[in-house]
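Here is the structure we will look at, set down as C-alpha cells.
Throughout, read-outs are computed from the coordinates displayed, never taken from laboratory work. None of the values given here were measured: they were computed from a predicted structure. For neighbour counting, all protein chains shown are included, and Cβ atoms are generated from backbone atoms with ideal geometry for every residue, glycine included.
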Amino acid sequence: MQTAPAYYPQPLMAKQTSGDNLRASVGHLLSRAYMLPCSAAAQAFTQLVQPTSRFQLALEMLFPLLDSPVDLQKRILVSYILYSLYAPHPIAMNPFKSALVYTFTKEKDIAVKVASSGGVSENEQLVWVLWKILRGDGSDIGPFTPSNLATSPVPPRLRASNLSLEGDIPDRPKFDPFGQAASADNVNAQEGAEERSSSASELLATESRVSSENDKEVSKFSEGMSLLLAARERVLTLSEQRTLVPLVPQLTDSSAITSVDLAPIISTNPAIAQPLLSALLSRASSDSLGVALYLEVLRHLPPTLPSFDLLGRLLRDPTALTDPATGGRTTIADLVRTEALGWFIHEAIAWLDHAEQEEKAGNISDDRFAQGLQNLCRFFNSLIKLGIMDPASDADSAEMLHFTLRNSRFEDANVLYRVLAMGKL
C-alpha cells in the first residue's frame, strides 16, 4: 500500500481499527442510501462486508434500527437489507424473521388504531414493506428507493387494517409498489383464451428481460458505490479506478456522496477526484449552496501533491455549467479560478506558516514545510506560465510575493520571487 509523503498533515485522532472503519462505512451507507434502489443498497452492504461478518454486523448495526424511532426511510432500508441477506432461501429460514414479524405486528396495531380514529398513520408504508417481505414478495421492493417507498401513499386496500400474514395476497401488478396500476381484473373479459395466453407469454418474456437488465445495472451501480466509499480509506487499484470513473456521473446523481467525503477521497485517490468534483459541480450548478460547499472543500485543501494535482486538472476542465451567482453560463475551470484558487493559495500559505512554527518549536520532525513550500512555488509558477495568474496584478500575486520574500532562502521561493518582482516593474 502506498504511504503518504512526510509532509501530509498528521491525523489528530488515533487510527481506527479495520472494524471501526467497516462500521463507519456501513453507517455512511445507511445514512446516504435513501435515493438508491433498495437492491443496490443491499448489494453495496454485501460488498462492503465479508460473508463471515455480515450476520454479526447486521445484528449490531441493522437490527437495533428495525424497531427504533428513526426515520421511516432508514427502517424500510434496514428491513430490506435484513431480508436480502438470506433472500435465496425461504423467509422461514431467515434468522431475523421473528423480529420482522414482531415489528410488523406492532406497527400494524399502531396503524389500525390511527385508522379507527379516522386518520392515516405515517407508518403505513413500513407495514406494507414488512408484509411484502414476510409474504415472500420482498424482491418486488428491490427496484424502488426507500425514499420513494416512504413517501408514496398506500392505497386503501393495502393499508395495515387489510393486511394479514395469513390468507391470499391481494391481486397486484408486478412493477407497481403499491398496486396502483391497472389490475388483472381490468383485462377485457371478451378476449379469447389464445390471445390472453399469447399476451401473458410476451409479458413474461419482457419482464424476464427487463429484470435481467435491471439486475446487471444494479450490480454495476452497487459495485461503483462500494468502490467510491472505499476510496475514502484506501488507494484504489488501476482496475478499480477504471471500473469506477465511468460510473461517477450516475453515482453523484444519487446524492450519496457529499462534500464531507471529498477531502479523504482527494488525499487518497486524486485521480478520481477530478471527475468526481466535475460531476458534483455540474449536478449542483443550479444550487448555489451546493456549489459553495464543494468550493469550500477546495479552498481548504492542504498544500500537498494531490491537492495541486486536483486544482491543476480542474483549472483545465472545460465542462460547461450554470454560474450560481449570475445564472449565466460558465465553465468549471473559470468557476474554480474565480471562486476557489485565490482562497486556496491564501489557506496554503497559512498552512505552511503554521507548519514552520511547529517545526521551529520542535513539535514536528518531518519536512512537510519545505516540501509544501517547494510544491506551492512550483504550482504558482506553472499558473503564471499558463496565464492563469498575472504577476503584474496585486490581486493575483501580492500575498505570494511577500511569502516568497520571507522564504527566499529556499531556491524555489527565490526563483518565484524574482519572477513576481520582475512582473511589478
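List of remarks:
- In sequence order, calculated HN-Hα J values of the stretch 373-383 (Karplus, 6.51, -1.76, 1.60; Hz; x Gly/Pro): 4, 4, 5, 5, 5, 5, 5, 5, 4, 5, 5
- Fully extending the segment from Leu165 to Thr46, taken as 0.36 nm per residue of separation minus the present Cα-Cα distance, adds 40.0 nm.
- Förster radius 51 Å - calculated FRET efficiency between Thr338 and Tyr102 (Cβ-Cβ, nearest 0.05): 0.35
- Maximal additional length on extending the Glu296-Ser116 stretch stands at 59.6 nm, based on 0.36 nm per residue less the C-alpha distance.
- Between Val415 and Thr331, the C-beta separation translates, for a Förster distance of 45 Å, into a calculated FRET efficiency of about 0.90.
- Sorting 48-59, 127-138 by their mean Cβ neighbour count within 10 Å, with the most densely packed peptide first, gives 127-138, 48-59.
- Relative contact order (%) - criterion: Cα under 8 Å, at least six apart; region: the stretch 238-393: 19 percent
- Highest-first arrangement of 227-238, 31-42, where packing means the average Cβ count within 10 Å: 31-42, 227-238
- Available extension along the chain between Ser382 and Glu347 is 10.7 nm, counting 0.36 nm per residue and deducting the alpha carbon span.
- Derived from the Cα gyration tensor, the three semi-axes of the equivalent ellipsoid of the stretch 43-161 are 25, 14, 13 Å, largest first.
- The packing ranking of peptides 71-83, 319-331, 143-155, highest mean first, is 71-83, 143-155, 319-331, where packing means the average number of other beta carbon atoms within 10 angstrom of each residue.
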